[in-house]
Structures are given as C-alpha cells and as structure tokens.
1. Within the group Gly202, Gly181, which residue is among the small types (Gly, Ala, Ser), assigned by TED's automatic domain parsing to the domain that holds Leu75 and either in contact with a strand residue (DSSP E or B) (Cβ under 8 Å, 6 or more places away or on another chain) or without any contact (Cβ under 8 Å) to a residue 60 or more places away in the chain (or both)?
2. Of the residues Ile49, Ile67, only one is more than 12 Å from Pro351 (Cα to Cα), surrounded by fewer than 18 Cβ atoms within 10 Å (Cβ to Cβ) and within 25 Å of the chain's Cα centre (by Cα); which?
3. Is it fair to say Thr199 is under 18 Å from Gly330 (Cα atoms), touching an Asp or Glu at 6+ places or on another chain (Cβ under 9 Å) and among the β-branched types (Val, Ile, Thr)?
4. Would you mention how many residues in the range 253-263 are under 18 Å from His435 (Cα atoms) and either without any contact (Cβ under 8 Å) to a residue 60 or more places away in the chain or surrounded by fewer than 23 Cβ atoms within 10 Å (Cβ to Cβ) (or both)?
5. Which of the numbered conditions does Asp10 fail, given that it passes all the others? Conditions: (1) surrounded by 16 or more Cβ atoms within 10 Å (Cβ to Cβ); (2) closer than 22 Å to Leu334 by Cα.
6. When you look at Ser247, is it small (Gly, Ala, Ser), outside any helix (DSSP H, G or I) and farther than 30 Å from Asp485 by Cα, yes or no?
7. What's the number of the only condition in (1) assigned to a helix (DSSP H, G or I); (2) in contact (Cβ under 8 Å) with a residue 40 or more places away in the chain; (3) within 25 Å of the chain's Cα centre (by Cα) that Thr413 fails to meet?
8. When you look at Phe453, is it within 22 Å of the chain's Cα centre (by Cα) and aromatic (Phe, Trp, Tyr), yes or no?
Amino acid sequence: MTVTVAARGDAQLAIERHVPALVEQLVASRITAGDSTLWGPAAEAEASIRLGWTQAVAVSRPLVAEIVALREQLLERGISRIVLCGMGGSSLAPEVITQTAGVPLVVLDSTDPSQVSAALGEHLGHTAVVVSSKSGSTVETDSQKRSFEAAFRAAGIDPAERIIIVTDPGSPLEQASTADGYRIFTADPTVGGRYSALTAFGLVPSGLAGVDLDALLDEAEAASLPLAVDSASNPGLQLGAAIAGTSPPRDKLVIVADGTHIVGLGDWIEQLIAESTGKDGVGILPVVVGVDAPELTSGAPDIQVVRLVADARATREVADGEIELSGTLGAQLLTWQYATAVAGVLLGINPFDQPDVESAKVAARGLLDARPEPVGAAFVDGGVEVVGPSDVLGTASTVADAVRALEATLSPTGYLSVQAYLNRLAHPELEVLRHLIAARTQRPVTFGWGPRFLHSTGQYHKGGPAIGAFLQITGSLGDDLVIPDRPFSYAQLIAAQAAGDAVVLAEHGAPVVTLRVNDSDGIAAIIAALS
C-alpha cells in the first residue's frame, strides 16, 4: 500500500492548479535524479549535497543485517534497554518508528537535569546507548554522552561495550569515537538531519530496540516508484501542492491523527516542514493537535487541516477544505519528504538549509560563557515569576493578565507558541495550555518542549513570517546534575538555552513572556490561571 491523498476545497483547487505544471516540469523525476537546480541558483550548492534521501532505501538495505546482528549480540549479553541520545531528526524519526511498532525506546532529547537523571538511573546494567549526531558537535548530545560514559565507568562497565555512535563520516564525533573504540555507524552525508528517517539515524536505534527494519524499508520502497514518476497521481506532488499552493495561502498546517495506526507522526512532520520551509520570511507552520482542537473548527482562512486517517477514501467523505492522508509508515515518511521538497519549489525557498537555527545556539553559548544574572521578574504571582518587556506586559499583575497581554499582540494571521523548558516525561499536563490558549484566541497555538523544539520549529520561529508570540515556561524543579568535564551543569545549560532563544526572538521583534516556576505547584498555578 502506498500513500493516498484526498482533498476538498482550497487544497483540491491547489492540486488541480499546480500538479499539471509540476508534472510538465518533471519535478518528481528531477528530485529523484538529484537535480539541484529546482530551487534556484542560491540553493543549488546546498541542494547538490542534500538529495541522498531519495535513494535511502537502497543505501540503507545493507545496514539491516549489521543492526540485527548487533541487537542479537546485545541480547545475548543481557542488554535489553536501548536509550537514544539525539536531537531533532535524530530522535523524532526513531520515536515515531518505535512507537508505531510498539517496541520500547528511551528517547533522551532534553537537557532538563531530572529527565537526564531518570535516563541514567534506570537499569544501567541492562542498558545500551545510541548517541546520534549528524554534525558530531551537538551540545545536548555531547553532554548526554559524557554523562553515560561516567555512569558506566562508575558501575564498573566499559563504555565502549555499551555506547553505539551514529554520525556523519569525518565528524568530530566519529574521530573521537574511533579513538575510544566505540562501535560506529556512519550515515549518508548527502542527507540532512530532518530527512534522515530512513538512514542510519532512524534505523540504528529503531532496529536495536526491536523494529522490523526490512518491513519498514519495504513500505518505503513500495512508495518509491509512485513518488518518482511525473504523474498527476503522484502523492508527493499532490501533497506538496495542497500544503504550499493554496491561494490565498493557508500556511498554518493543522495536523491531527484521526484513526491512523501511526503513533506520533505529527511531531516528525512538524520538524520536517517547519525547519525546511520557515525562512526568508515565508513558510508553513505545522500545528500538531488532538481531535478536539479548537483550530479544527475555527474557520480561520489561513488554516489548512491535514487528517492522518486509516483510509483516506473509504472511511468517510472528506470534510470540506481538508486533506486526508493514509498509508504505511515507511511510505508516509518518504511521501512527506518529497512533498516538502515540492513545497520548496512552490514557495521559492531552499528546503535543505536552516540558516536561523544557529543563532539560538550562539546566544546560549554566550550566556554560558558570560553567566549574567537572570533577568529580574516584573512581578510574582502564586509562586510564578513573570518576565517580559513592559510594552507587552503593560499593567499586568497576574499570570492570567500576562498571558492575555501576550495574546493581545497577535495579528489576525498570527500564532502563539508555548515553549516548556522542563521534563516532558514528568509534566505532560502542561500540554493542556495549547488547547486553552487556542480556544480563547481562536488562533493556531503550537506547543514545544525545550530544547527539543529548537532543532525543529525553532527555524520557523526566527526565519519564517514574523507573526509569532512566544510564551516560555522555565524553572528548576529538582536537583541539578553536573556534566562531566564541562564548566556548566544541566540546569545552567537549559536555562541558557531558554534565555538565548528569548534574546534572539526579541532581537527579531517578537514578543516573549517567560513564566519561571520552582516546583510542581507553580505548574499547577499556571494551568489554573489559564483554565
């Protein structure tokens, strides 16, 4: 089974308007052939080294036997718990693959000290760790690797027996890991991180956790030919046109899982679309929601709903103006990648670079080096410190007032982003804030866990249209944790990441309000204030 796209309203009109021209221009076959000229002269150099994902199924096939053999070796030694240290595409792809397959994988994509401590402290004797970083210099992943190395040594375990590296050939991580004797899988360097689901970055942790990788690659292979053919029935062309070609633009892409067997696909789509299209002041903002989300019935003219369903044609009549999408996981991963590349053609942007991601990293690094005093609170309400510029907060004296003041900055086409720099496993109740604010504002609201979202939607927030308002939730809710051989701790790192992103957003003219909490009561107070 390949992917089926069904659409009505503006989305269907976009398909009818753009797909014939895309077919005439041979866009699908040119993407497959690695034609780097599709996105214009400015993008050509980057595109020329970023189209390897179209051949990922064939390139990845030989890896499967290696991964299966390593899994069997680990199981023979009593190692059954797999932890993945990775950010962005390095963690989101394995997360959706393993969740859909129903196999356990501990994903550590945070610098929150309590979340790191939990990953370190559970069943270390039965644990192997996959450290994934394309660049080999990701600060979060480097910190997590150092912590596991120290924990293994403290337990009398040789880290080289338990740590597996996934990185690009020639990266600093590969060089250091070779010297340390680690098992290394190198990925295709012509595939960007967010397009890497079907490469070693997606397959190694998933396969070690127990996923049937041959079945996943078979699903993607079944979709390969329909996606490569210049035809009006090509689902990649249809989906790309539907999400990027509406007139006027419906550039808030509301994604809802509604009957699909795939678990967590929306979060993976979010990082792919946001980081690929949010630049040069344009882009598509993915908004991942539940089936009762206010955005689904708001009627806002800039919202495009995509429902991930079991069967896009047989289940029911497609709602007016919506897109329905069905298909296997492997097929959907490849289809969305093609659709994103097609969207780049229609939007006139380079879908393979991420020019604004680095700015927040630089700002965070500067704050770690300088260690300035934290910005003082404008006021404190119920144990929650409220930080923000006076021209946004105005006369606000409560948490509820502060959030409403931030909401008041939204334009008719704007969106609000809630960003929680806390332990996402311990405080899932915070995600209700997305629904509460969306219901009140009748505007799209995204929710991201920091610093994880910095590697996905962070590019859109700073490089896309300047129409966002940002609500940060930060704090230290437990004991801090040192990072071996680093001059800063996890609490200092995550605080600097939040503060650095706030600085960069403010420099872009975006309104930012930060709520700082010191315990779970503070979280409860925020939820109560907005309920």
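1. Within the list Gly202, Gly181, the selection yields Gly181.
2. Ile49
3. When the stated conditions are applied, Thr199 passes them.
4. Initial filter on the range 253-263 (under 18 Å from His435 (Cα atoms)): 253-258.
Adding the requirement that they be either without any contact (Cβ under 8 Å) to a residue 60 or more places away in the chain or surrounded by fewer than 23 Cβ atoms within 10 Å (Cβ to Cβ) (or both) leaves 253, 255-258.
Of the residues in that region, 5 qualify.
5. The number of the failed condition is (2).
6. Against the criterion (small (Gly, Ala, Ser), outside any helix (DSSP H, G or I) and farther than 30 Å from Asp485 by Cα), Ser247 qualifies.
7. Here Thr413 meets the rest and fails (1).
8. So Phe453 fits the description; yes.
The values are calculated or read from the model by the stated rules, or taken from the named source; none is laboratory data. This is a predicted model, so every value here is computed, not measured. Note: ideal-geometry Cβ built from the backbone for every residue, glycine included; neighbour counts use all protein chains shown.
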